[in-house]
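Structure first, then comments.
The values are calculated or read from the model by the stated rules, or taken from the named source; none is laboratory data. Note that the coordinates shown come from a computational prediction; the quantities given were computed from them, not determined experimentally. Counting neighbours? That spans all protein chains shown, and the Cβs are built from the backbone with ideal geometry, glycine included.
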Amino acid sequence: MGESALTELDDIEAMDRAYRARLLRYVAYSTGDMDLAETVVQDCLLKAYNGRETFRGECSVYTWLAHIAGNLVRDHQRTRKFQFWRKVQKTGPDLSELSGILPSGESSPETQILARERAQQVSGALEGLSENQRSIFVMRFVDEMELQEICQATGMRMSTVKTHLHRAVKAVRLKVGGRA
Amino acid sequence: MESQRERTESSRGRHLTDEQFTELLLGAGPAPVQAHLVECAACREEAERVSGAIGDFAQQTLLWAERRVEARPVRVVERQTAFAWLLHPQIWVAGALATALAVGIGMTMRRDHTQPVHQTMVTAQADAVKTQTAKVQPVVAKAQAEAKTGPATLKADNALLTAIDGELRADESTPASLYGLEATSYRTNTKTVKRTTN
């Protein structure tokens with residue numbers, strides 16, 4: 001394990017500051033369930049901290065955390081309790097919450113509105129995808145992880161990752177580009 | 001070969017396929033794809049629009065997540081094992097004090113209550129004997145008084161007992177009596193009970 005990773009994992013508050021938002025975004029947009037994302041991210045950080053001795057440094061810390069988060073999502077989704085409550089109430093992330101905090105110094109209000117509309121189009125396209133497709137799309141294009149890192153985080157083969165990615169891009173292209 | 005032909009056709013007139021579009025977004029667009037983009041304004045514009053939308057999505061979702069985290073600061077609590085409380089010295093000190101207190105109280109109560117208990121038991125037994133004696137004495141006196149009654153009373157009692165004895169014997173069923181035989185001899189073979197006075 002690298003020295004920097006060791007230091008990073010030893011300080012859970014620093015780890016929380018560095019990765020919590022990214023993990024929350026990844027889980028929220030992979031599952032489409034905000035409440036689940038909050039729970040999973042909290043559990044993920046604690047699990048990573050408690051099991052930091054097992055981190056071998058073969059991948060980045062974020063890739064390792066994404067792997068843990070993915071396993072936790074699957075664990076939660078296996079439980080009957082989760083399946084029941086998921087049918088009762090599902091609180092997806094809402095991009096309209098961002099209307100008041102978009103950066104205003106770099107672009108005009110019209111540009112900001114267009115940017116939000118485009119982002120919502122992508123979000124809408126992701127809703128129609130499977131969870132694996134969404135998850136891999138978010139890893140690659142939102143978290144900007146390399147394909148090899150995605151393979152490590154998900155445990156999938158490269159060909160499977162590429163297939164999911166291709167289907168996700170096709171859906172986004174259809175929604176945003178207007179032609180597929 | 002087919003893939004190469006597809007790419008060539010795409011660069012000549014067709015638009016980018018989904019596979020080519022994905023490769024382009026991944027930053028690994030091969031030379032024919034790049035060449036097509038130079039020639040085809042529609043594909044170029046579409047690629048910029050989709051890529052820009054994904055960038056907007058990434059930026060806004062990150063802002064959304066950061067705001068969410070700021071709005072809900074989470075107190076980080078380290079997960080503890082089931083017996084982690086044993087590691088706290090205060091627990092051991094408190095346990096020792098509680099044990100010492102319990103033992104001290106127990107010893108004190110034993111010393112205070114051992115002797116009086118025996119005394120109380122003896123006193124209670126003596127009282128019970130006195131009470132029983134008081135109850136029995138009148139009965140005995142009455143019996144003694146009755147025993148001192150005269151010969152006439154004894155004679156009457158003997159007659160009553162004889163009659164009762166006779167009635168009891170008459171009720172006894174024997175194989176002979178069932179058939180009406182020797183009934184008389186049974187009835188005549190009665191005894192007289194005699195009581196003597198002390």
Where residues in region B:1-33 are facing another protein chain (nearest Cβ under 9 Å) and outside any helix (DSSP H, G or I), which of them is modelled with the lowest pLDDT?
B:H15
Scan of region A:150-164 for residues that are over 23 Å from A:V61 (Cβ atoms) and part of a helix (DSSP H, G or I), ordered by number:
A:S159, A:T160, A:K162, A:T163, A:H164
Residue under question is B:A100, and the condition is that it be out of contact with any strand residue (DSSP E or B) (no Cβ under 8 Å at 6 or more places or on another chain), at pLDDT 85 or above and more than 7 Å from every other protein chain (Cβ to nearest Cβ); does it hold?
yes
Residue check: is B:R110 modelled with pLDDT of 80 or more, surrounded by fewer than 17 Cβ atoms within 10 Å (Cβ to Cβ) and of a type in the set (D, E, K, R)?
no
Tally, over region A:19-45, of residues that are without any contact (Cβ under 8 Å) to a residue 12 or more places away in the chain and over 11 Å from the mean Cα position of the chain (by Cα)
1
Looking at (1) at the interface with another protein chain (Cβ under 8 Å from one of its Cβ atoms); (2) modelled with pLDDT of 85 or more; (3) more than 20 Å from A:A28 (Cβ to Cβ), find the lone condition where B:A41 falls short.
(1)
Of the conditions (1) hydrophobic (A, V, I, L, M, F, W, C); (2) in a helix (DSSP H, G or I); (3) at pLDDT below 90, A:L45 satisfies every one except a single condition; which number is it?
(3)
Can you pull out every residue in region B:139-154 that is at pLDDT 75 or above and surrounded by fewer than 10 Cβ atoms within 10 Å (Cβ to Cβ)?
B:P151, B:A152
Mind counting the residues in region A:144-178 that are crowded, with 22+ Cβ neighbours inside 10 Å, charged (D, E, K, R) and closer than 25 Å to A:C44 by Cα?
0
